Amino acid sequence: MNKFNASKIINAIIMKRLEAAFAVILILLSLTAGVSAHSPVLTGENQGIDHAFSVQDPVKSWAFYGTFPDAGSVSYYTFDLQQGDRVWFSVFTPTRDAVYPEAVLIGPGVEDAGELFPGVSVPAGSGYLVIPGTKPDHPEYEPFTPAANYQWMKAEYIAEVPGTYYIAMVNKGTNAGNYGLALGFREEFTLAEWIMIPLSIGNVRVWEGSSQAFVVGFPVFIVLFGMVYLFRFKKEPLPLHPETIAGSAGGLLYLAGSGFMLVQALMALMKTGFAGSFLVTAIFILIPLVMGVLILRYMMRPVKYRGAKLILLGVLGVVVWGGYVVGPVLVICAGLKLLVDGIKQKEG
């Protein structure tokens, strides 16, 4: 057996193992379906009851990322409930000492309870229920973002009277800062929400305190560094074709997304200690990682049905939040170009 044939056999074995590993990880992904997740939305300050953030479906699971611009500020969220509807919510913060959140549930069927914070508006015909926050000792690990959040309260209310309800978020602390409001319990996503989650998570990173330059610069650096290597310094540089450029950039974005999530998970675990739910994060790290490696190998070493395989990896990239949305699009475009070229060659 000559050296050339041995090299081909080794590469084929590596490719098969990567594809087998990818299949196994996809099976593991299916096992995480029962883990709760929230649709992330940045809401800003939304001060004043007339500027309340409107929640169209309060039963659906949401994660609202808000900001207290100063001490004593109040933010409002509004939604409609029918008799018997259950509203569930919890409040969290990215740090422990910046703000001190308190929630006030306001609505037509609520009986007044608790000391109302000055500045909280209660519409005529509504009552209020003050839900004080308890300063947490330790942060909790959140696997999907991933992040280390401080949980201040959890509450549940079943509406007795249909109508418009509000949750007023009050900052009883002495500083400005950020807070999160998790609302609802039914995990579901629209197609647009699911596709845009990687970009939403980028905004959440900035909300948590990460530098915007780092959040944006990390994937840009990985892609630029990788492209220079693949097309310039690699022993056998890739040819400059539209499909190789698009496919390589897309594959590198998959790797960048995995690397960024790994960094964030490690930073969170340093605060919380090891958590069993890290397994969920690990799966979302490994899948795009293996996919990215497969994509790059398809770019470097053509295989049978390469175009179709790239399209499949692009579609699956959308499903598993790989590649910052742009990556899967580039990989699909590369796959389509290869398919069209293959059809033209057969017809020629």
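The values are calculated or read from the model by the stated rules, or taken from the named source; none is laboratory data. If you're wondering where the values come from, they're calculated on a predicted model, not measured in any experiment. Quick reminder, even Gly has a Cβ in these numbers, built from the backbone with ideal geometry, and neighbours come from all protein chains shown. In case anyone asks, the SASA skips ligands and DNA or RNA and just uses the protein heavy atoms, side chains included. Shrake-Rupley method; radii C 1.70, N 1.55, O 1.52, S 1.80 Å.
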Q: Can you pull the one-decimal nm distance between simple spin-label points at residue 269 and residue 305, each 7 Å off the Cα toward Cβ?
A: 3.5
Q: Output the relative contact order of segment 196-348, whole-number percent, from Cα pairs under 8 angstrom with separation of 6+ residues.
A: 29
Q: Counting only DSSP beta bridges with both residues in segment 38-142, tell me the antiparallel percent, nearest 5.
A: 45
Q. Cβ under 15 Å from residue 266's Cβ, residue 266 left aside: what net charge do those residues give with Lys, Arg +1 and Asp, Glu -1?
A. 0
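Using Cα pairs closer than 8 Å and at least 6 residues apart in sequence, work out the relative contact order for the chain, in percent.
On the way: 650 pairs, mean separation 67.6, N = 348.
Reported as a whole number, the value is 19 percent.
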**Q.** Antiparallel bridge percentage (DSSP; both residues within the chain; nearest 5)
**A.** 80
**Q.** Solvent-accessible area per residue for segment 101-140 (1.4 angstrom probe, square angstrom)
**A.** 50
Q.
Angle check, please: helix 278-300 long axis (alpha carbons) against the longest principal axis of the chain (alpha carbons), in degrees 0 to 90, nearest 10.
A. 30
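Take the solvent-accessible surface of the protein heavy atoms, probe 1.4 Å, and return the percent of it on the chain that carbon and sulfur atoms account for.
On the way: 10850 of 17230 Å².
Carbon and sulfur: 63 percent of the exposed surface of the chain.
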Q: Using only Cα atoms, find the angle between the long axis of helix 306-319 and the longest principal axis of the chain, and express it within 0 to 90 degrees, rounded to the nearest 10.
A: 10
Q: Measure nothing but the geometry: give the 0 to 90° angle between the long axis through the Cα atoms of 212-228 and the longest principal axis through the Cα atoms of the chain, rounded to 10°.
A: 10
Q: Would you grab the residues whose amide H sits under 5 Å from the one on residue 39? Only those 5+ places off in sequence or on another chain, please, with H modelled 1.01 Å from N.
A: 62, 63
(Q) Let me check I've understood the local charge: for residue 193, count other residues with C-beta under 15 angstrom from its C-beta, Lys and Arg +1, Asp and Glu -1. What total comes out? (A) -1
Q. Roughly how many whole Å is it from the C-alpha centroid of segment 272-319 to that of segment 103-146?
A. 41
Q) If you work out Cα extents along the principal axes in Å from the coordinates, which of (i) 106, 50, 40; (ii) 84, 40, 32; (iii) 56, 43, 37 do you get? A) (ii)
Q: Under 15 Å from the Cβ of residue 138, count the other residues' Cβ atoms, weight Lys and Arg +1, Asp and Glu -1, and hand me the total.
A: -1
**Q.** Extension gain from residue 160 to residue 51, taking 0.36 nm per residue of separation minus the Cα-Cα distance
**A.** 36.7 nm
Q) When ligands, DNA and RNA are left out and all protein chains stay put, how many square angstrom of accessible area per residue does segment 211-340 have with a 1.4 Å probe? A) 48
